[in-house]
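Below: the structure, in structure tokens.
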Amino acid sequence: MTNIILLGPPGAGKGTQARRLVEERGLVQLSTGDMLREAKDSGTEMGKIVADVMARGDLVTDEIVIGLIEEKLATAKANGFIFDGFPRTLAQADALASLLKRSGNQLDAVIEMRVDDEALVDRISGRFTCGKCGEVYHDKTKPVKVDGTCDECGSNDLRHRADDNAESLKQRLMEYYKKTSPLIGYYYAMGDLFTVDGLQEIEDVAKSIANVLDQATAS
Ligand code: AP5
């Protein structure tokens, strides 16, 4: 069982790399952002509660996101998990440690994807995703091959996210620096932290992550 966390600011490339790891290593991606967007789109009670919070760029309560992860860990069958966008607070990190311990599992690596703020603004402003299969694109760095059509599944449902605007990005970054970046020190102290240069091209970031995983799972 291999369990890894992808840690980084909005737009660092966590989702892009998580999708590759799913294909290449057969791990299951647990993205709390995707789970919350699903709840929002399907109009559940929880979706209604989180919609405004997400649009503003604030963090959803620990209670809600820990509950989502707990449910997935209890039901999903997997060789391991990629935690994408979770944990984001120290309380979430403690909860994850307890959940993994309870099921006799452990974390293999926390991969910090380091990208500077200027690049994040470019990445977020050019991002669009497929509403059907979730593939992530970018106007300049990862365009679709045929205009308006997803390369992966052929859908024409290509969308920009509601929180991908300058105002909520500013708030998402503030939340990251205030509440999530302390996790870098937390995991460093636990001996689980690896840092990769997220400013490299997508392929090279993937190679750096592969090297980290080989190193982490060999020890
Ligand atoms: P979430 O969906 O997790 O958003 P995020 O963390 O802000 O991360 P993003 O999805 O924006 O970016 P990413 O790092 O995945 O980058 P991507 O691969 O798409 O969360 C959304 C909201 O949900 C939060 O604001 C909060 O409200 C709530 N939430 C979620 N989890 C929560 C939690 N645990 N606790 C509380 N609240 C929570 O890449 C971005 C773009 O860059 C793409 O266009 C891509 O093609 C491009 N790109 C990727 N890599 C590269 C590269 N190497 N070079 C050039 N371009 C690249």
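The values are calculated or read from the model by the stated rules, or taken from the named source; none is laboratory data. Predicted, not measured: the structure shown is a model, and the values here were computed from it. In this analysis, Cβ positions are derived from the backbone assuming ideal geometry, glycine residues included, and neighbour counts consider all displayed protein chains. The area values use the complete protein model at the heavy-atom level, side chains included, leaving out ligands, DNA and RNA. Shrake-Rupley method; radii C 1.70, N 1.55, O 1.52, S 1.80 Å.
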Query raised in the report: Looking at the chain, what % of its DSSP beta bridges pair antiparallel, to the nearest 5?
Result: 25 percent
Query - Long-range amide H partners of residue 3 with built H, under 5 Å - result: 81, 108, 109
Report task. Can you sort 27, 73 by 1.4 Å-probe accessible area, starting with the largest? Result -> 73, 27
Requested in this report: Counting helices only, and only those DSSP H runs with n ≥ 4, report the 222 nm mean residue ellipticity of the chain as the sum of -39,500 (n - 2.57) divided by its residues, in deg cm²/dmol to the nearest 500.
Outcome: -15000 deg cm²/dmol
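Name the shape class, rounded, prolate or oblate, that the alpha-carbon gyration tensor gives for region 177-219, where a ≥ b ≥ c are the square roots of its eigenvalues, rounded holds for a/c under 1.5, and otherwise prolate holds if a/b is larger than b/c and oblate otherwise.
Verdict is oblate for region 177-219.
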Query raised in the report: What do you reckon, how do 69, 184 stack up by accessible area (1.4 Å probe), largest on top?
Result: 184, 69
Query raised in the report: Out of residues 5 or more away from residue 31 or on other chains, whose amide H comes under 5 Å of its own, with H placed 1.01 Å from N in the peptide plane?
Result: 84
**Report entry** Given charges at beta-carbon only (K, R positive; D, E negative), |dipole| of region 3-90 in Debye
**Finding:** 300 debye
Query - Backbone HN-Hα couplings from phi across region 15-31 [Karplus 6.51/-1.76/1.60, Hz, Gly and Pro as x] - result: x, 4, 6, 4, 4, 5, 5, 4, 5, 7, 10, x, 8, 9, 7, 10, 9
Report task. Determine Rg/Rh for region 35-102; Rg is computed over alpha-carbon atoms and Rh is the Kirkwood hydrodynamic estimate from the same atoms. Result -> 0.98
Query raised in the report: Taking Cα pairs under 8 Å and at least six residues apart, what relative contact order does region 82-219 come out at, in percent?
Result: 32 percent
Query raised in the report: So what is the accessible area of the chain per residue, in Å², with the probe set to 1.4 Å?
Result: 52 Å²
Report task. First compute the accessible area of the chain with a 1.4 Å probe, then give the percent of it belonging to carbon and sulfur atoms. Result -> 50 percent
Query raised in the report: How far apart, in nm, are two points set 7 Å out from the Cα along the Cα-to-Cβ line at residue 97 and at residue 75?
Result: 2.8 nm
Requested in this report: Note down the magnitude of the dipole of the chain about its Cα centre, charges +1 on Lys and Arg C-beta and -1 on Asp and Glu C-beta and zero elsewhere, to the nearest 20 debye.
Outcome: 280 debye
Report task. Take the Cα of residue 34, step 7 Å along the line toward its Cβ, and report every residue of region 109-143 whose backbone nitrogen sits under 20 Å from that point. Result -> 109-113, 124, 127-139, 142-143
**Report entry** Flagged links, alpha-carbon separation over 23 Å, of 14/140; 14/207; 72/145; 48/178
**Finding:** 72/145; 48/178
Report summary line: For residue 138 the rounded accessible area (nearest 10 Å², probe 1.4 Å, non-protein molecules ignored) is 20 Å²
Requested in this report: Give me the distance between the Cα centres of region 24-82 and region 108-155, rounded to whole Å.
Outcome: 19 Å
Report summary line: Cα extents of the chain per principal axis, largest first, Å, are 46, 40, 34
Query - Separation of the residue 177 and residue 214 label points, Cα + 7 Å toward Cβ, nm - result: 3.7 nm
